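Before any comments, here is the structure.
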Amino acid sequence: MTTIADLQGAELGKKIGKGEQTRAHILEKALELFRERGYEETTMRAIAESAGVSVGNAYYYFKSKEHLIQAFYARTHEEHLAASREVLARERGLRERLLGVMRAKLDTIAPYHQFSGVLFKTAADPLSPLNPFSAESQPVRQQSTDLFAEVISGGDTRLTPDLVAALPNLLWVYHMGSVLYWIHDSSPGCAKSDRMMERSVRLVLRLISLFQFPLLRPFLKELLVLVADLRGEETPVPLTAAGVE
């Protein structure tokens, strides 16, 4: 027997579904205008008109243009996570896992390459909430770091616990640098970025192997301190003298 609570729940589900559709529609129209007019020249009123909603409704779903870009970041991040899950479920070698996740990142953002310069210009402002090191970006930053932790911990390469703890933050910075390289890549099909990815992953793996030597452990510690400062986090705990087992 259908109860009033069931009917109310179904109605609420419909409203939530419609709201998500409206939110996604506004975001799509905003991205179109950003590409056509530029970020600075696009107003929330223009976005609302293009989406066929009132200005108040546009502000209901997105408090500002910056929040629209945050939503775009979150969407591409979710697409990257989904693509990475397939790689991590299939691969066990550290090289294959890291290279697969890095390539998945560039593959999922490839449709937005022409638009990426607009995003970078806005996100490069240290005071912008779009800055990858900002408090507003912390959820996506943490989820991305957790993904690299899974890359490390789920592979067949044996690493000491302190190195397992250290690498995700370093790999997050590495992947941000790779995205920046891709943004400035004007080669056909971003072929240079693909070559860079292949070579840089080999370099990263060699560095991981080198960190087994006691003489390089202080270097790794200093590197972790720099990354922690950059991310606005606490200084990591001291590393042991051990390395890769």
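The values are calculated or read from the model by the stated rules, or taken from the named source; none is laboratory data. Just so we're clear, the structure is a prediction, and the values are computed from it rather than from any experiment. Note that each Cβ is placed from the backbone with ideal geometry, even for glycine, and that neighbours are counted across all protein chains shown. The accessibility values were calculated without ligands, DNA or RNA, using every heavy atom of the protein model including side chains. Shrake-Rupley method; radii C 1.70, N 1.55, O 1.52, S 1.80 Å.
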Item to check | Selection count where residues are part of a helix (DSSP H, G or I), among the polar types (S, T, N, Q) and surrounded by 14 or more Cβ atoms within 10 Å (Cβ to Cβ), scope the range 110-135 | outcome: 2
Item to check | Residue in the range 45-64 that is surrounded by the fewest Cβ atoms within 10 Å (Cβ to Cβ), counting only those that are of a type in the set (D, E, K, R) and over 27 Å from the mean Cα position of the chain (by Cα) | outcome: ARG45
Checklist entry - Going through the range 179-236 one residue at a time, which ones are among the aromatic types (Phe, Trp, Tyr) and over 19 Å from the mean Cα position of the chain (by Cα)? => result PHE211, PHE213, PHE219
Checklist entry - Looking at GLU36, GLU49, which one is among the acidic types (Asp, Glu) and modelled with pLDDT of 90 or more? => result GLU49
Checklist entry - Among all residue pairs at least 6 apart or on different chains, which show Cβ distances below 7 Å where the first residue, located in the range 155-179, is closer than 15 Å to LEU226 by Cα and the second is small (Gly, Ala, Ser) and assigned to a loop (DSSP other than H, G, I, E, B)? => result none
Checklist outcome for this item: Inside the range 26-66, the number of residues satisfying the requirement of being closer than 16 Å to SER137 by Cβ and either in contact (Cβ under 8 Å) with a residue 60 or more places away in the chain or of a type in the set (A, V, I, L, M) (or both) is 1
Checklist outcome for this item: Note: among ARG85, ARG97, just one is over 24 Å from LEU230 (Cα atoms), surrounded by 18 or more Cβ atoms within 10 Å (Cβ to Cβ) and more than 13 Å from the chain's Cα centre (by Cα), namely ARG97
Checklist outcome for this item: Note on the range 163-184: residues touching a Gly at 6+ places or on another chain (Cβ under 9 Å) and open to solvent by less than 40 Å² (accessible area, probe 1.4 Å) are LEU163, ILE183
Checklist outcome for this item: Note on GLU40: of the conditions (1) outside any helix (DSSP H, G or I); (2) buried (at least 17 other Cβ atoms within 10 Å of the Cβ), unmet is (2)
Checklist entry - Residue check: is SER187 more than 17 Å from THR108 (Cβ to Cβ), without any contact (Cβ under 8 Å) to a residue 60 or more places away in the chain and surrounded by 14 or more Cβ atoms within 10 Å (Cβ to Cβ)? => result no
Item to check | Sole residue being in a loop (DSSP other than H, G, I, E, B) and either among the aliphatic types (A, V, I, L, M) or modelled with pLDDT of 90 or more (or both), chosen from ALA241, ALA166, ALA149 | outcome: ALA241
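Results for (1) assigned to a helix (DSSP H, G or I); (2) of a type in the set (Asp, Glu); (3) modelled with pLDDT of 90 or more, shown as yes or no for each residue.
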position: VAL201; (1), (2), (3): yes, no, yes
position: LEU205; (1), (2), (3): yes, no, yes
position: GLN212; (1), (2), (3): no, no, no
position: LEU220; (1), (2), (3): yes, no, no
Checklist outcome for this item: Reported set for the range 122-134 where residues are touching a residue at least 40 places away in the same chain (Cβ under 8 Å) and farther than 19 Å from SER178 by Cβ is THR122, SER128, PRO129
Item to check | Residue, surrounded by the most Cβ atoms within 10 Å (Cβ to Cβ), within the range 136-151, restricted to residues that are among the hydrophobic types (A, V, I, L, M, F, W, C) and without any contact (Cβ under 8 Å) to a residue 60 or more places away in the chain | outcome: PHE148
Checklist entry - Is there a residue in the range 83-98 that is modelled with pLDDT under 85 and in a helix (DSSP H, G or I)? => result no
